[in-house]
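Presented below is the structure to which this report refers.
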Amino acid sequence: MPRIKVFSDRYPFLGPSIWILTVEYFIIQLIAAAAWHNPAYSWRNNTISDLGNTACGSTISSRLVCSPLHTLMNAAFIALGLLMAAGALLIYQEFREKPGTLLGFSLMAMAGFGTLLVGLFPENTVRLLHILGAGLPFLLGNISLVILSFSLYKISRWMRLYTFISGAAALAALALLLSRHYVDLGIGGMERLVSYPQTIWLIFFGLYMSHSRYLKNRASTSL
């Protein structure tokens with residue numbers, strides 16, 4: 001860990017930049033969804049994992065699935081998982097003295113590992129590992145946000161509040177998803193309420209940390 005701390009101090013923008021790069025997850029989803037034809041991809045009725053399904057014409061829970069760019073989508077899952085874990089490890093170094101941050105960032109790294117599993121084991125392959133992989137970010141990743149909202153008292157109040165709301169809202173959506181109460185959003189819409197707040201938070205927190213470090217560096221050089 002000391003070597004990682006030194007590395008993080010030497011390259012302070014690397015960790016935040018890595019989390020900002022998780023925007024690829026949304027970009028690739030748009031590209032993969034646009035490639036669907038007959039039937040078209042439904043953001044309401046198709047899950048995110050359907051985009052990574054490798055068997056065209058298969059049926060998953062009565063959903064007809066055919067994702068021509070499934071390889072690209074699975075690569076995006078793998079990239080997202082690696083970025084989540086790497087960013088958590090590097091950014092943690094700045095907050096390691098704060099109680100609770102080790103647990104919070106460790107859970108986020110585990111969520112990254114789960115996302116990696118989602119990409120390595122699409123829903124039509126080893127389904128148990130796919131479900132396990134999806135469950136880690138859905139549950140542990142969002143619990144991580146709640147923990148970090150209380151432990152990262154070094155950040156601004158608005159960022160802490162945003163962190164808490166992101167995690168708590170996603171966990172509430174997870175309860176609805178598991179109980180199959182989709183509130184007219186469909187399984188795809190409800191799943192996105194579970195998944196998207198976490199990744200959006202990673203991007204915004206990366207931007208927040210980058211901006212904070214930029215201001216800190218500018219202040220130190222002006223003295």
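Only the coordinates and a few stated rules stand behind these numbers; no lab work does. It should be emphasised that the depicted structure is a prediction, and the values quoted were computed from it without experimental measurement. Glycine also receives a Cβ, built like all others from the backbone with ideal geometry; neighbour counts cover every protein chain displayed.
Numbers below:
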{"item": "Contact order normalised by residue count of segment 46-188, Cα under 8 Å, 6+ apart, percent", "result": "21 percent"}
{"item": "FRET efficiency, 1/(1 + (r/R0)^6) with R0 22 Å, evaluated for SER62 and LEU176 via beta carbons", "result": "0.65"}
{"item": "Of SER156, SER61, SER179, the one that fluctuates the most in a GNM where the chain has Cα springs shorter than 10 Å", "result": "SER61"}
{"item": "Stretch gain in nm, segment ILE27-ASP184, where the contour uses 0.36 nm per residue and the Cα spacing is subtracted", "result": "54.0 nm"}
{"item": "Simple label model, 7 Å out from Cα along Cβ direction - PHE113 to LEU207, nm", "result": "3.1 nm"}
{"item": "Per-residue HN-Hα couplings for segment 204-212 [Karplus 6.51, -1.76, 1.60; θ = phi - 60°; Hz; x = Gly/Pro]", "result": "5, 5, x, 5, 4, 5, 4, 5, 4"}
{"item": "C-alpha center-to-center spacing [segment 12-47, segment 55-100] in angstrom", "result": "10 Å"}
{"item": "The chain: calculated mean residue ellipticity at 222 nm from DSSP helix runs of at least 4, using -39500 (n - 2.57)", "result": "-22500 deg cm²/dmol"}
{"item": "Kirkwood Rh, Cα atoms: Rg over Rh of the chain", "result": "1.01"}
